[in-house]
Amino acid sequence: MNKTLIAFAAAALLSTAASAQETKVAIGISGWTGFAPLTLAREAGLFKKHGLDVSIKKIPQKDRHLAIASGDIQCAATTVETWVVWNANGVATTQIFQLDKSYGADGMVVKPGINSIKDLKGKTVAASAPGTAPYFGLAWMLAKNGLSIKDVKVVNLEPQAAANAMIAGTDGLDAAMTYEPYLGAVRAKPEAGKIIATTLDYPMVMDTFGCTPKFLAENPKAAKALADAYFDAVEMITAQPKKSFEIMGADVKQSAEAFEKSASFLRWQDRAANQKFFAGEHAAFSKEAADLLLQAGIIRQIPDLSKLADTRFLK
């Protein structure tokens, strides 16, 4: 065998070995702008660089825990309080890093004539199902204004459909909970209604990434690789913004410019921000959220909050 063939065979063996070592991980997300670095990590080869074979599945938040329970996915991205709901309902999951914080990317849209959240008493509001971020956001905003979910009629619509219903001027619908990039469509058409409140007014939307305890126990190196790849993606957005926005925007059918505008309403969290967040804020918010979820009847009991996060992979 000549040297060229030997080199080719050796390269093939190395490639096969590397491929065999890749850990397969299925992740559940939605089209929410804050989750986009996960898509970037896959498309830019960052997961692969860290030895992972990642598949990403778009699953509505209301169904994501079912996909975890069935074993269809091992990990997911969602809001901090949603992990409380999932664990309270018997779907054991553990958060391992923070993705983003919303700075105006989630909000409530109201029709003309409604001038405050207190005006919503007796009105009809569109929001995703109980146990989702939009539903929790509605409960949170109402509670901060002396009202509760029982004071309004909730129609379950997913964020995109809720935004479209407001833009269309759907009869009988007074307000809606939605988020970017769909909130941006409402911003572009002020005649459809006004954005009366966002997470700038009520800072309560924080997204994290987590997996099943079984996956973490069996694949600690893969869990660390997931975190490292995400942090690499955040660094790539800073170093190569145009390319990054093009990749992330394409996934939700937005131009790079439109995606960048949506992203301006949130902050992706790097490693240092993660370490700070999990040092105290995460536990404090989880406790306040759990109390509200219990009060609103979304959960029947508060799960063991000390088991909701594992910070080993942030180093």
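Here are a few things to note about the model shown:
- Dimensions of the range 106-198 along the principal axes, based on C-alpha atoms and rounded to the nearest Å, stand at 31, 28, 22, largest first.
- The residue list Gly45, Gly31, Met204 was ranked by how far each Cα lies along the charge dipole of the chain toward its positive end, using unit charges on Cβ atoms, and Gly45 comes out on top.
- Cα centroid of the range 222-250 to Cα centroid of the range 162-209, whole Å: 27
- Percent of beta bridges antiparallel (DSSP, the range 39-188, rounded to nearest 5): 45
- The tail of the calculated P(r) for the range 248-292 beyond 17 Å holds 57 percent of all Cα-Cα pairs.
- DSSP-defined antiparallel bridges as percent of all bridges, the range 106-198, nearest 5: 60
- Within the range 60-139, the trypsin sites (Lys or Arg not before Pro) that combine a DSSP coil assignment with at most 16 other C-beta atoms in a 10 angstrom radius are Lys121, Lys123.
- Rough spin-label spacing in nm, given labels placed 7 Å along Cα→Cβ, for Glu235 and Ala217: 3.3
- DSSP-defined antiparallel bridges as percent of all bridges, the chain, nearest 5: 60
- Sequence-distant contacts, meaning Cα pairs under 8 Å at least 6 residues apart, place the relative contact order of the chain at 27 percent.
Each reported figure results from applying straightforward, stated rules to the coordinates on display, with no laboratory input. The shown structure was predicted, so the numbers you read here are calculated from the model rather than taken from an experiment. Backbone-built Cβ (ideal geometry, glycine too); neighbour counts: all protein chains shown.
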